Amino acid sequence: MVAAACSAAVVAASCAQIAGIEDWKPLPEPTADASPEAAPDTFVPDANTKDVEASVKDQTSEGDVGAGCEAGAMQCAGAMLQTCQAGAWVDTSDCIKPVLCDASTGKCLTSVCDPEEHQCAGAVLQKCNATLDGWIDVQTCASETQCKAATKDCSGPFCLAGNFRCTTTTLEKCNASGAAWDKVDTCLTAGLCDATAGVCKAPACQKDQINCAGNVLQVCNAELTGWDVKDTCASASLCDQAAGKCHLGWSCNTGSPGAGNNCGPLGDKSCCSAPTLAGGPFFRSFDNVSFKDNSNPATVGPFELNLYEVTVGRFREFVKAGMGTQSAAPAAGAGAHPAVQDSGWQNAFTQLLPATPAILTTGLKCDATMATWTDGPGANEFKPINCVDWYLAFAFCIWDGGRLPTEAEWNFAAAGGGEQRPYPWGPTLAQSNASYGCSADGQAGCAAGDIVNTGSLAAGAGKWGHFDLAGNVAEWVLDAFGTYPKPCTDCALLTGTDRSLRGGGYDSQPVDLYASMRAHRDPAQRSPHNGFRCAR
């Protein structure tokens, strides 16, 4: 048998690889005269046998035949990745190119290029590196068009005839011979140089130009190609293109007393300040102390509410602007709550505004003692405006860029949202918290001094910093007075004879100052007891 004829020198090789050699001949059977030194099964190889053994040894050293390799070991046989299994090398992966076979990781590397392959990276001629996994720079041509990967040189034209390019603000065109760039035009900015169209584009706007796109205040960008956002105003009506700014309210433009950055306990805050309240769920007219009926849940969305009651100074700007009369009434639908249908101004309201400015200002002096309005600026500019009916209050808020708050929004702010505070500042009432009971001036009876400058009582600030939500003047809200609507998610009651007032005033009793308390009046009533603040 052939297997029995394999010599010890090639026992590790496959006998099958030498089984087909015809001149492999065993020694003849031993005779009685045979030398005792010759073992019975020993073969003496001839020259052919020695050649085969050498061939097998060569194959084993190259990894084609596993000769005692360690299980799991890996090697590369040319481009073939091999793994040692049961003492033999087994092909695992064809890596295509020997340089991509990596026995140390047992993986085929990924090539990005082929040997001697060239490419152009702009004007730089590059060649595939030795490991085929990247590029090396060969030469930098004079221009991108001169770089030729196919011929592996810089033999192309300097530029393509008729092509355009932009060098900062200079528009250039390649001449007919392709030898140079000729200047065509100088654009206003680099952004206006259009190499694709071969033109200098017209500017979309002028340097530092301001624009209002809805409530977005925009400024022309540096390249004159379009608009950058400069600010986002609370509403479109507060975007002032001429002044180049957003207004907190039109009434605070001039910086006049009570109409600028001069309100609050320290006189350093905008009288139009209106922080954003995140909103959330709470119970209307509930504090779990004096009012324990929690059957009126409500949820309000985010909204802004003036920190201060509208001052005489702010209302004076409204009057100076010629507003507040029938001829200057808001447009139908203006001042609507974004989530409450049909909550904006109605044409029917217009006829209930004063017919002339004189009638308007006369009505603002509805009480000789307690009215805060004066025909000229004076000591009352920081006091809340009173003697305004519901229609004037609504018209002012619309002109100022806002609206009247819903009753639910006002109650949410006064109660501290889900905290359900009895009073805006907390659970108890002291004279330092609010002006009430005609006692703010320390004298018996009601007098002009019982209406204090809005925001002057620091101890009366609510959860979000709102002042005078209790006392001073009661505040008109959007809603008609009636049974609370249910369910209530950004709800408002819009039908009814009277309109609701909240917060109590300078002459109210302590019970009337609870955040849960409601009041109502004829919307056309002008009283020194009534004022308002605006929402957005």
Over segment 478-536, the set of residues among the aliphatic types (A, V, I, L, M) and under 22 Å from G416 (Cβ atoms) is L478, A492, L501, V511, L513, A515, M517, A519, A535
Select from segment 175-204 the residues that are of a type outside the set (A, V, I, L, M) and in contact with a helix residue (DSSP H, G or I) (Cβ under 8 Å, 6 or more places away or on another chain) and write down the one among them that is farthest from Q119 (Cα to Cα).
P203
Taking segment 403-431 and keeping only residues that are farther than 18 Å from A474 by Cβ and either part of a helix (DSSP H, G or I) or in contact with a Pro (Cβ under 6 Å, 6 or more places away or on another chain) (or both), one is left with G417, G418, E419
Considering only segment 149-192, state which residues are at pLDDT 95 or above, in a loop (DSSP other than H, G, I, E, B) and of a type in the set (F, W, Y).
none
Single unsatisfied condition, Q139 versus (1) more than 30 Å from P98 (Cβ to Cβ); (2) part of a strand (DSSP E or B); (3) of a type in the set (S, T, N, Q)
(1)
Restricting to segment 95-136, what's the tally of residues that are under 30 Å from F158 (Cβ atoms), among the β-branched types (V, I, T) and not in a strand (DSSP E or B)?
1
In segment 92-145, anything of a type in the set (S, T, Y) and under 23 Å from R165 (Cα atoms) is listed as T140, S143, T145
Can you tell me which residue in segment 458-479 is nearest to P528 (Cα to Cα), limited to those that are among the hydrophobic types (A, V, I, L, M, F, W, C) and over 38 Å from the mean Cα position of the chain (by Cα)?
V473
Among D91, D153, D114, which is of a type in the set (D, E), over 44 Å from the mean Cα position of the chain (by Cα) and under 30 Å from K183 (Cβ atoms)?
D153
State whether the residues of segment 151-161 include one that is polar (S, T, N, Q) and in contact with a Leu (Cβ under 8 Å, 6 or more places away or on another chain).
no
Total residues in segment 192-209, condition among the acidic types (D, E) and surrounded by fewer than 14 Cβ atoms within 10 Å (Cβ to Cβ):
1
Need the failing condition index for T361 against (1) among the hydroxyl-bearing types (S, T, Y); (2) surrounded by 13 or more Cβ atoms within 10 Å (Cβ to Cβ); (3) touching a strand residue (DSSP E or B) at 6+ places or on another chain (Cβ under 9 Å), just the number.
(3)
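Matching residues to (1) under 18 Å from S343 (Cβ atoms); (2) of a type outside the set (G, A, S); (3) in contact with an Asp or Glu (Cβ under 7 Å, 6 or more places away or on another chain); (4) outside the structural domain of F349 (by TED's automatic domain parsing):
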position	(1), (2), (3), (4)
A408	yes, no, no, no
A458	no, no, no, no
K463	no, yes, yes, no
A470	no, no, no, no
Kindly check whether there is at least one residue in segment 109-127 that is modelled with pLDDT of 90 or more, in contact with a Phe, Trp or Tyr (Cβ under 9 Å, 6 or more places away or on another chain) and small (G, A, S).
yes
Among the residues of segment 68-108, count how many are on the phi < 0 side of the Ramachandran plot, surrounded by fewer than 16 Cβ atoms within 10 Å (Cβ to Cβ) and touching a helix residue (DSSP H, G or I) at 6+ places or on another chain (Cβ under 7 Å).
1
Pairs only if they're at least six apart or on different chains, beta carbon under 8 angstrom, first in segment 153-182 and closer than 18 Å to D194 by Cα and crowded, with 16+ Cβ neighbours inside 10 Å, second among the β-branched types (V, I, T) and modelled with pLDDT under 90; list them, first residue then second.
C159/T145
Restricting attention to segment 491-533, the residues that are in a loop (DSSP other than H, G, I, E, B) and of a type in the set (K, R) number exactly 3
Give me the pairs, please: first residue somewhere in segment 196-216 and polar (S, T, N, Q), second residue anywhere and in a loop (DSSP other than H, G, I, E, B), beta-carbon distance under 6 Å, and either six or more positions apart or on two chains.
N215/C233; N215/S235
Report, by residue number, each residue of segment 88-126 that is of a type in the set (S, T, N, Q) and more than 28 Å from A150 (Cβ to Cβ).
T92, S93, S104, T105
Which listed residue is farther than 24 Å from G505 by Cβ and at pLDDT 95 or above, from A259, A328
A328
Would you say A379 is touching a residue at least 24 places away in the same chain (Cβ under 8 Å), assigned to a loop (DSSP other than H, G, I, E, B) and assigned by TED's automatic domain parsing to the domain that holds L494?
no
Meets criteria (under 42 Å from the mean Cα position of the chain (by Cα), among the β-branched types (V, I, T) and outside the structural domain of D400 (by TED's automatic domain parsing)) for V138
no
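The values are calculated or read from the model by the stated rules, or taken from the named source; none is laboratory data. Since this is a predicted model, take the numbers as computed values, not measurements. No Cβ is skipped: glycine too gets one built from the backbone with ideal geometry, and neighbour counts run over all protein chains shown.
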